[in-house]
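Have a look at the structure below, then the notes.
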Amino acid sequence: MRIIELLPLALETNVVGQRRSCIIKEVMNSRKNTNKKLWFLYPNELPMPADSDCDSYLLATLLPAMQMKADIIVHGSVSQELLANLTELQYVWHKWLPEEFFLVDIKVDSVRENETRAEGTIAAFSGGADAQFTAYRHAKGIAGYSTQDIRAGVFVHGFDIPLADTQGFLGAAKMAAEVLESIDLTLFTVKTNIREVWNVNWELYCGTALASTLCGFNKYVGVGLLGSGESYDELVTPWGSHPITDPLLSSSTFKVIHDGAGFNRSEKIKAISEWPLGIKNLRVCWAGGNHERNCGYCEKCVRTRLNFLLSGVTDPACFTSSLKPSIFDSVVLRSEAARSEWKLIRSEMIETGRGLEWLPQVDQVLKRKSSPRFGRLLPPSSKRRELVKKILAKK
């Protein structure tokens, strides 16, 4: 039997920020116990949760614990609403992937009840199309009755940009800050080692990791927005950020909203195409070695170029070259989510008559099979994957 104990540490403050952290103690029957330290580094100007508040740490630990069949003991406090939601969340993941995620027990020293939620909203913001759409529609008040009082975006260092790449993150954060400033929003940056502590498939873990980071803002605002990936009619299941699971990451002090699923990617691109600086600073690339710009030829870059074409934008400023047929030759779809997006693009081309000259290339990509070993050979954040990214960047 495995047990994971979470032991919160005192807040550390210095010139670089405020570090919230906990010791993760893995207890195994016949093996040596191991200790890890999970941390989140927040800006100094933010009010911080109490040291004993373990909502962030529990969120970060749940899916890894379910994979290991490890019960969790929290030596601190957890929101009663979060505990209730995580009970239901376990059922979701167990039903989706019963051979990978198992039901585990959670025990806590103290359960917090009757808490009040702060006013205001933040949004996860890495500079991509989904994040830009969410920030733009709420800042401009065009989300109807669902419009949130958005105050800032949060860019996390240690997620898609590794902690070791300081220069790349600073460049990307500068671009993101300029974009948000143009719509009167602040950008906060946070660092965390969550991906170094837990080796979980990022496609399944991304929403929970984001929520675990954003809920550290619960003394500043009470709501966090996670920009949707697929629209309601094109949902990919299982997936780490989903209309079913994201709300179940909420606590009594911090509500998580899955935002924008009423729109597909082309519709989102069309909305932000009215935002010149948003287009110029759009950052969607995963493959390029320079995290400050888009490489222009990886799967996601090519797909985004087609989304722009469908929106009536031929040469968006976020790409430095024009679209060429040869670019499609190396595009391989690595996930069902990506394949779903390309199928949707094909349907939109036929329906709207836009971009039909690229239909043969789109068909070529959809027919091309990907290697099922890709994820195992190049796991997210691995040295091998980073090496491939650098090689691709030199093309």
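The values are calculated or read from the model by the stated rules, or taken from the named source; none is laboratory data. Because the structure is a prediction, the values reported are computed rather than measured. We place every Cβ from the backbone using ideal geometry, glycine too, and count neighbours over all the protein chains shown. Areas reflect the complete protein model, heavy atoms only, side chains present, ligands, DNA and RNA absent. Shrake-Rupley method; radii C 1.70, N 1.55, O 1.52, S 1.80 Å.
What to note about this one:
- Between LYS107, LYS191, LYS268, the GNM of the chain built on Cα springs shorter than 10 angstrom shows LYS107 fluctuating the most.
- Whether the range 81-201 is rounded, prolate or oblate, judged on the alpha carbon gyration tensor where a/c under 1.5 counts as rounded: oblate
- Highest mean packing first, where packing is the average number of other Cβ atoms within 10 Å per residue, the peptides 340-351, 75-86, 250-261 line up as 250-261, 75-86, 340-351.
- DSSP bridge analysis restricted to the chain gives an antiparallel fraction near 40%, rounded to the nearest 5.
- The Cα atoms of the range 73-126 define a convex hull whose projected area, averaged across directions, is 5.9 nm².
- Net lengthening on full extension, ASN33/ASP184 (0.36 nm per residue, minus Cα-Cα): 49.5 nm
- The chymotrypsin sites (Phe, Trp or Tyr not before Pro) of the range 92-165 include none that DSSP puts in a loop with a beta carbon having at most 15 other beta carbons within 10 Å.
- Summarising the amide proton neighbourhood of SER251: residues at separation of 5 or more, or on other chains, whose placed amide H is nearer than 5 Å comprise VAL256.
- Mean separation of Cα pairs under 8 Å and 6 or more residues apart, divided by the residue count, gives the chain a relative contact order of 15 percent.
- Each 20 Å bin from zero up to the one holding the largest Cα-Cα distance in the chain carries the following percent of pairs: 27, 59, 14, 0.
- Protein accessible area in the range 1-123, 1.4 Å probe - carbon and sulfur %: 49
- Inter-centroid distance (Cα atoms) of the range 174-250 relative to the range 14-76, Å: 18
- Per-selection metrics, the range 131-251 (Cα): Rg and Dmax in Å: 14.7, 42
- Cleavage-rule hits, GluC sites (Glu not before Pro), the range 240-319, DSSP coil, Cβ neighbours within 10 Å at most 15: GLU274
- Tensor-based shape of the range 200-283 (alpha-carbon gyration tensor, a/c under 1.5 rounded, otherwise prolate or oblate): oblate
- Listed by chain and number, the aspartates and glutamates whose C-alpha is less than 18 Å from the C-alpha of LYS343, apart from same-chain residues fewer than 8 away, are GLU230, ASP233, GLU234, GLU267, GLU299, ASP329, GLU351, GLU357, ASP363.
- Calculated on alpha-carbon atoms, Rg and Dmax of the range 6-58 in Å: 13.2, 46
- Modelled this way, with points 7 Å down the Cα-to-C-beta line, the labels at LEU235 and ARG354 are 2.7 nm from one another.
- Net dipole in debye of the chain [+1 Lys, Arg Cβ; -1 Asp, Glu Cβ; about Cα centre; nearest 20]: 1680
- If you take all other residues with their beta carbon under 14 Å from the beta carbon of SER252, and give Lys and Arg +1 and Asp and Glu -1, the sum is -1.
- GNM result for the chain, Cα springs below 10 Å: residue of ALA60, ALA177, ALA271 fluctuating most strongly: ALA271
- Equivalent ellipsoid, the range 1-156 (semi-axes from 5 times Cα gyration tensor eigenvalues, Å): 31, 21, 16
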